[in-house]
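The values are calculated or read from the model by the stated rules, or taken from the named source; none is laboratory data. These numbers were taken from a predicted model, which means no experiment stands behind them. Don't worry about glycine lacking a Cβ; one is built from the backbone with ideal geometry, like all the others, and counts go over all protein chains shown.
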Protein chains: 2
Amino acid sequence: MMRPTHPIAPVTPLVTDRLALRPLGLTEVELRHGFWADWQRQNRDVTIPHALAWLEHDGSVDNLRDPGAAPHRGMWFSDSDVYKTLEGLGWDMGRGPAAGPATQLETAIAELIEVVARAQLPDGYLNSFVQGGHARRFEQMATGHELYCLGHLIQAAVAHHRATGAGELLTIARRAADCVVREFGGNRRKDTDGHPMIEMALVELYRETGEPSYLDLAQQLIDVRGYRVLEVRGHFDSAYYQDETPVREQDTVVGHAVRALYLLCGVVDVYLETGEQALLDSALRQWESMTATKTYLNGALGSRFDGESFGDEYELPPDLVYGETCATIAAIMLSWRLLLATGEGRFADAIERALFNLLAASTSVQRDAFFYNNPAHRRVARPAAPTDVRPQRAEAPGTRPPWFRCACCPPNIIRTIASLGGYLATHTDGGVQIHQYASATIATPRGIRVETRTGYPLDATIGVTVARTDGREWTLSLRVPDWCRGATIAVNGATGPAVPGQRGYLDLTREWRDGDTVTLELPMPVRLTVPHPAVDAVRAQVAIERGPLVYCLESPDQPDGVDLNKVELLLDEPLSEERRELLGEPVAVVRLAALARDDSGWAGSGWATLGEQPARAGSRVRLTAIPYYLWANRGPSVMRVFIPVATPT
Amino acid sequence: MMRPTHPIAPVTPLVTDRLALRPLGLTEVELRHGFWADWQRQNRDVTIPHALAWLEHDGSVDNLRDPGAAPHRGMWFSDSDVYKTLEGLGWDMGRGPAAGPATQLETAIAELIEVVARAQLPDGYLNSFVQGGHARRFEQMATGHELYCLGHLIQAAVAHHRATGAGELLTIARRAADCVVREFGGNRRKDTDGHPMIEMALVELYRETGEPSYLDLAQQLIDVRGYRVLEVRGHFDSAYYQDETPVREQDTVVGHAVRALYLLCGVVDVYLETGEQALLDSALRQWESMTATKTYLNGALGSRFDGESFGDEYELPPDLVYGETCATIAAIMLSWRLLLATGEGRFADAIERALFNLLAASTSVQRDAFFYNNPAHRRVARPAAPTDVRPQRAEAPGTRPPWFRCACCPPNIIRTIASLGGYLATHTDGGVQIHQYASATIATPRGIRVETRTGYPLDATIGVTVARTDGREWTLSLRVPDWCRGATIAVNGATGPAVPGQRGYLDLTREWRDGDTVTLELPMPVRLTVPHPAVDAVRAQVAIERGPLVYCLESPDQPDGVDLNKVELLLDEPLSEERRELLGEPVAVVRLAALARDDSGWAGSGWATLGEQPARAGSRVRLTAIPYYLWANRGPSVMRVFIPVATPT
């Protein structure tokens, strides 16, 4: 085993022959311009101060300041919101001086670490709800979230240590981890936490410290699960907790979506360090089942409000989807690990779909309001979210609320956006792989430096310049997205078709010279997407996509009087594309012809006997589709992603 | 105002000119043979003893035996389960000696009344959870269910008093109601209960006792609602509690389905006694909106698991429907009140759909197991329900559980089935109206006696004999169901078309003679039903119906290897009907041709670009559809009501 390279990246597997691709850190990949770079700046300038204020306002920090001094406020796992925000602050620091002045960030981090340090008990235990006397230590494993919270503390510490090299928070996290090892390690207990999370955190802590007991405990907590070790009381069954079937036997994702996916992140992390093939096989099976049968077009996961959980295969209703933001973030984390383990572009395809659609839609364009769950069809405009109180998670209101009583999503968004550079590119001994397209600079430990320049996803052209190379041959691998047809490549001006290899990448191998230019064209005409015939909820409907973007029809863009619940796409006229500024962004909107249906003949009934139903009637209108991620930024609205297709009358 | 006639019926409005039809009591309408009579017998012989045993087993009776002596068990509103069962026992007693020996019932009723009498505080207050010290009286109005429980106590007392004439339980209920009047009446408080129910109970108590303060309080509790008088904490908003909009301004049903419908029952009851047209208008508007846009084909109501609530218009997913049994029962109660108020057959049509489909499916053929919520599409067979524990309500398992921790549905079924005779027919000064078809005898206060004989819903023929008349002219009104085409009528052998009047009834007016016979034929060929084009979830699908029955495809009836998630109806071959015994019942099953689709070309993805999707492939098979109400009686299964239609390839 080689020593870790310690890039400032969210997942840093040790370099073994299991690791197909090696991550690059946030100082190695710098987002410079465009969609993600802008969001990353807003994440620091707007979202992080917003979150810090709310964590003070809602009591989450106070809970830790002096556990038990005042009644605990908010959810019993509110510590995790503080830790996740702290993790985001860590990654944001890790982006380095180029990201801008960091004094305020540093102060905030120092203050939070001070709070956490004081709260920790002498034996390393730390949980403000338990220490406040509201529960007993490690007794309510199914619902208590104690290991979940400590897992997020560990992740925050790993981020802080990787980003700054400072050991303060890592020391706290190690003491907490050691406390858990003493309680659970060496099979001293046979149970685990109802909410997986600590598994991947322990592997990361092992990577950061080299301490094998953390890896051993991660493995143990995965191994015990699935034998109904958690006491099932109240609303949810063992499957909800991923405690119905051992992970090595599980074929598909079940239960609470975030839990299922966090668990699989830990499963892949343990595989990467131990090499146990059965773990990777299970993660691949479950990912494949999820991607083919339980993922919405916009990247949403978890069909069901009940238990925030995965539905059955092809149970994908766009109006009733739960689609928790955290579930899509967890899927990005899982896909990233599988990409590192396999080098297969399908995982980067899934990340792209998730990033540009659901994740982008989870946050307002001002970046200070959030959706906890994300519909793909809003039939009736709902009232705008209040701006001064924290709604429950449940139903998404008409606009994004500023915070939540269960505030897991906003800090999860913060840590993801702050560390986004870590998901763009990887390296191997033989080259550089570019998975996501943005204007960025990419530097590898070997000394190669590549610059990308693109207006993606609006523009189809990605320019790559080799800014520095080492004179030896290496391979530049560029992902050709699964949605793309007819990609072309030009190397120093010589153009040809871009035919990806089996893993989905165009591999360009040569002795590169400084200044060499590569231009990848990914044609992105407007296309119509049809659902698998088993997806009953959107049968006879299509969606509009362009490049990586899923589109939607939203009421503010339509002619007066058009009810989006009563439109049908007319295919006798081609769809057209039009550049426009929308909400301060240049976008391509899509214009389409539709039947605005007059359903008045159906008055009084939702059903009719075949042969007696009213004839289809209505008038031809022109509608406008916009990128899905921009919806609900202009007040309450009606919205739909899938559009019925008018059938011949 | 005339004095009440006091039939032994669940709703007995005072006779005013608002009352279009007058109810008949359980001794006046006797179910003799067939579907409902058999269930009514099983209700007494199987379901009632089963329920009494579970109420003892789960602590619900013990909670009342000595509140506070032991920790309260089960839900904080478990008293209501006892009261609803007691109400069912009352109606069952009320069916009279013809219904069979009643000694055990009488003993059970006496024991329960004794328990309730002892639990009641000197001032009339009664709530085992509050008296046990777990909450304070009338403080948690949004969630406490205190008035809800007392409402059910009142309903039980009204049933017992009507059925037996004995005053014991009525005295208890009056003392409880007086306690509520003292606390809330005369606008002393501006709030109400989070769970409507007591409104209709107070009106019934007014009808039974003549005490106007009960009617006044019912009106007050309706009037205060809708002004956000309930403190919204936790998961649910004001709309969930029907506290967002005053009832007179409300246009559609919103929020928790059972609450919305119980409230509307009270609204119609108050209208019937006060004549305030705005109340009836609101109830009609909401009923019409519900029926046209928020009711499933099988009579299910409440699309959403989240909040057990109504969805938006046309949000009717068959796989994710919540469809609580109690919501459909509440809709029957509301439709019945509107039928009495208007005399319009559309309300009886709705009751028929609810009775023969969702309500019939809510209970196992053995009548000792129940669905709390009722899917109309089950994609994956789920494990059978455990028989020895009480599951949560949430997701319906593969078979019906014997009881629930939140056990509102089984007692609701008991009281409905026990009082079913009350929903069959009505009378006016001018005649008799038959709304539902079963073999029964119907006697009116005027001395008319009519006998009906039918194998409905299997058979299309309903024979009616005038067994006794008074020599004067009167009108026999027979409902022609909305699904029926080509009905015929024969009076003493002379046949002609049965053309219903505007209200949906065939009215036969003559000087009837003893022994006159009428034969109504309601042709019920198998038909295909298409959904309103705005019901996205079942677009391009059809359902099979025959007469009042909705059909389903269930896996045990299909050829080996057929996956019901991958079938499409082939319309090039007619559907055929076949008589068969199924689960001990003679039924008509429906045979159909279908494409068993081979979706293997879609491997790995739930989406494809239009034009690139795999060609439709598969093989022709013959499938069998059975009445929906029989599903899930042969172990875990896959089931669907709506079937995709194969489109031309």
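Residue by residue, here is whether (1) within 12 Å of another protein chain (Cβ to nearest Cβ); (2) in contact (Cβ under 8 Å) with a residue 12 or more places away in the chain; (3) not polar (S, T, N, Q) holds:
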site	(1), (2), (3)
A:Arg248	no, yes, yes
A:Arg259	no, yes, yes
A:Tyr262	no, yes, yes
A:Cys265	no, yes, yes
A:Ser282	no, yes, no
A:Gly299	yes, yes, yes
- prompt: For segment A:533-569, what are the residues that are within 9 Å of chain B (Cβ to nearest Cβ) and closer than 19 Å to A:Lys294 by Cβ?
  reply: A:Pro533, A:Ala534, A:Val535, A:Asp536, A:Ala537, A:Val538, A:Arg539, A:Gln541, A:Ala543
- request: List every residue pair whose Cβ atoms lie under 8 Å apart, where the two residues are 6 or more positions apart in sequence or sit on different chains, the first residue falls within segment A:323-348 and is touching a residue at least 12 places away in the same chain (Cβ under 8 Å), and the second residue, located anywhere, is outside any helix (DSSP H, G or I) and acidic (Asp, Glu).
  value: A:Leu338/A:Glu344; A:Gly345/A:Asp482; A:Arg346/A:Asp482
message: Could you go through segment A:360-372 and let me know if any residue there is among the acidic types (Asp, Glu), more than 14 Å from chain B (Cβ to nearest Cβ) and within 26 Å of A:Gln42 (Cβ to Cβ).
response: yes
task: Please go through segment A:606-649 and pick out each residue that is part of a strand (DSSP E or B), of a type in the set (D, E, K, R) and under 30 Å from A:Pro401 (Cβ atoms).
output: A:Arg640
Exclusive hit being surrounded by fewer than 24 Cβ atoms within 10 Å (Cβ to Cβ) and more than 14 Å from chain B (Cβ to nearest Cβ), set A:Leu215, A:Leu205: A:Leu215
message: Take B:Leu549 and tell me if it is more than 18 Å from A:Ala537 (Cα to Cα), aliphatic (A, V, I, L, M) and surrounded by fewer than 20 Cβ atoms within 10 Å (Cβ to Cβ).
response: no
query: Which residues, taken from segment A:605-621, are among the aliphatic types (A, V, I, L, M) and more than 10 Å from chain B (Cβ to nearest Cβ)?
result: A:Ala615, A:Ala617, A:Val621
task: Could you check, for segment A:376-389, whether at least one of its residues is under 17 Å from the mean Cα position of the chain (by Cα) and buried (at least 19 other Cβ atoms within 10 Å of the Cβ)?
output: yes
message: Condition (residue is at pLDDT below 95 and outside any loop (DSSP other than H, G, I, E, B)) applied to segment B:559-567: is it met by at least one residue?
response: no
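One line per residue, one yes/no per condition, for (1) within 30 Å of A:Ala376 (Cβ to Cβ); (2) crowded, with 18+ Cβ neighbours inside 10 Å; (3) outside the structural domain of B:Leu340 (by TED's automatic domain parsing):
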{"site": "B:Val432", "(1), (2), (3)": "no, yes, yes"}
{"site": "B:Ala440", "(1), (2), (3)": "no, yes, yes"}
{"site": "B:Thr454", "(1), (2), (3)": "no, yes, yes"}
{"site": "B:Thr465", "(1), (2), (3)": "no, no, yes"}
{"site": "B:Arg472", "(1), (2), (3)": "no, no, yes"}
{"site": "B:Trp483", "(1), (2), (3)": "no, yes, yes"}
{"site": "B:Ala487", "(1), (2), (3)": "no, yes, yes"}
{"site": "B:Asp516", "(1), (2), (3)": "no, yes, yes"}
{"site": "B:Pro531", "(1), (2), (3)": "yes, yes, yes"}
message: Among the residues in segment A:603-611, are any farther than 30 Å from B:Ile544 by Cβ and β-branched (Val, Ile, Thr)?
response: no
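It is to be established whether one or more residues within segment A:579-586 are within 14 Å of chain B (Cβ to nearest Cβ), of a type outside the set (S, T, N, Q) and surrounded by 16 or more Cβ atoms within 10 Å (Cβ to Cβ).
no
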field: From A:Arg503, A:Arg539, A:Arg510, residue being within 28 Å of A:Arg346 (Cβ to Cβ) and without any contact (Cβ under 8 Å) to a residue 24 or more places away in the chain
entry: A:Arg539
- prompt: Do you know which residues across segment A:207-246 are of a type in the set (Ser, Thr, Tyr) and touching a residue at least 12 places away in the same chain (Cβ under 8 Å)?
  reply: A:Thr209, A:Ser213, A:Tyr214, A:Tyr227, A:Tyr240, A:Tyr241, A:Thr245
- line: Flagged in segment B:465-483 as part of a strand (DSSP E or B) and more than 14 Å from B:Ala498 (Cβ to Cβ), in numbering order, are B:Thr465, B:Val466, B:Ala467, B:Arg468, B:Glu473, B:Trp474, B:Thr475
- prompt: Which is at pLDDT 95 or above, within 11 Å of chain B (Cβ to nearest Cβ) and more than 13 Å from A:Tyr423 (Cα to Cα), of A:Thr325, A:Thr293?
  reply: A:Thr293
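Within segment B:503-532, track down each residue that is in a loop (DSSP other than H, G, I, E, B) and either more than 14 Å from chain A (Cβ to nearest Cβ) or in contact with a Leu (Cβ under 6 Å, 6 or more places away or on another chain) (or both). Before the answer, list the steps.
Step one: list which residues in segment B:503-532 are in a loop (DSSP other than H, G, I, E, B), which gives B:503-504, B:512-516, B:522-526, B:532.
The answer is B:Arg503, B:Trp512, B:Arg513, B:Asp514, B:Gly515, B:Asp516, B:Leu522, B:Val526.
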First in segment A:168-190 and under 17 Å from A:Leu221 (Cα atoms), second anywhere and of a type in the set (Gly, Ala, Ser) and part of a loop (DSSP other than H, G, I, E, B), Cβ under 8 Å, 6 or more apart: A:Ala176/A:Gly124; A:Ala177/A:Gly124; A:Asp178/A:Gly124; A:Cys179/A:Gly124
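Helices (runs of 4 or more DSSP H) wholly in segment B:62-178 with at least 3 residues that are more than 23 Å from B:His50 (Cα to Cα), hydrophobic (A, V, I, L, M, F, W, C) and within 28 Å of the chain's Cα centre (by Cα) - which ones?
Qualifying helices (runs of 4 or more DSSP H): B:146-164.
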query: Could you say whether any residue in segment B:354-370 is among the charged types (D, E, K, R), buried (at least 24 other Cβ atoms within 10 Å of the Cβ) and either touching a residue at least 12 places away in the same chain (Cβ under 8 Å) or over 21 Å from B:Gly635 (Cα atoms) (or both)?
result: no
task: Return yes when A:Asp58 is under 29 Å from A:Leu263 (Cβ atoms), surrounded by fewer than 18 Cβ atoms within 10 Å (Cβ to Cβ) and either of a type in the set (Val, Ile, Thr) or in the same structural domain as A:Gly165 (by TED's automatic domain parsing) (or both) and no when it is not.
output: no
query: So, of the residues in segment A:610-649 that are surrounded by fewer than 15 Cβ atoms within 10 Å (Cβ to Cβ) and among the β-branched types (Val, Ile, Thr), which turns out to be nearest to the chain's Cα centre (by Cα)?
result: A:Thr647
- prompt: Looking at B:Ala278, is it more than 18 Å from B:Thr192 (Cβ to Cβ) and buried (at least 24 other Cβ atoms within 10 Å of the Cβ)?
  reply: no
